[in-house]
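Student: Quick one: the structure is below, and I'll ask about it shortly.
Bear in mind these aren't lab numbers, they're just calculated from the coordinates by the rules spelled out. The structure displayed is predicted, hence computed values, not measured ones. FYI the Cβ positions are ideal-geometry reconstructions off the backbone, even for glycines, and counts take in every protein chain you see.
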Amino acid sequence: MLKRKFVYEVKRPRKDKKLPVVLSQDEVAKILNSVDNLKHKAILMLVYSAGLRVGEVVKLKSEDIDSKQMLIHIKGAKGRKDRYVMLSEIALEILRGYWREYKPSKYLFQGAKADRYISIRTVQKILEHACQKAGIKKEITVHSLRHSFATHLLEAGTDLRYIQELLGHAHSKTTEIYTHVSTKSISKIQSPLDSLDLKKGGNCRV
């Protein structure tokens, strides 16, 4: 008796290729300037200044901040990989002020209990409140600050390989999305319409 094998090809629906929401540098500045609470400002500054995931910033400990070498040691990140990222001088200044005022023990950013770190949900609420105060209407999450960090580095001329290393991406393809997000070069391209010899004036109103 012959046995027939039927192979059914199941076509998976294509995923929408949506680009991440990115803030301009002016928008980031407005958000950070709107935060008065020193602890909240320090958290958001670290996320943007080093491109951290929200799960990374909440788990930071004091010993992870190396002010001599100006580095932050990210331990047990996604994929169980450690990495080093840069420590911003401005972020360090805010951190020192925060340290003097709050004197955290186990975790750099403590939660309601001293032996626990601040929750991811709380950090998201901090950002939402800052956006409201700053008048930012874009629908963003804390991860949007990480996307903005990568995009702004790329626009400043930083090599994509360094950005990949800073973000902790295992594959370069993941980092390449920021080449599609950056609008700096696109905005410099002249539309062919602008080079046409068209009549000026008329009855059209804008």
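Student: Full-extension gain between T122 and E139, please, as 0.36 nm times their residue separation minus the C-alpha to C-alpha distance.
Tutor: Residue separation times 0.36 nm, minus the Cα-Cα distance, leaves 4.4 nm.
Student: Cα-Cα over 22 Å: which of K41/K61; K39/K59; K41/K173; K39/K137; K59/K137?
Tutor: The answer is K41/K173; K39/K137; K59/K137.
Student: Sticking with this one: What distance in nm separates the simple spin-label points at K18 and R83, each placed 7 Å from Cα in the Cβ direction?
Tutor: 2.4 nm
Student: Order these by the 10 Å Cβ neighbour count, fewest first: F149, F109.
Tutor: F109, F149
Student: Report the gain in length on full extension from K68 to D26: 0.36 nm times residue separation, minus Cα-Cα distance, nm rounded to one decimal.
Tutor: Full-extension gain reported as 12.1 nm.
Student: Using modelled amide H (1.01 Å from N, peptide plane; none on Pro or chain starts), what sits under 5 Å from the amide H of Y117, excluding residues fewer than 5 places away?
Tutor: Here G111 satisfy the definition.
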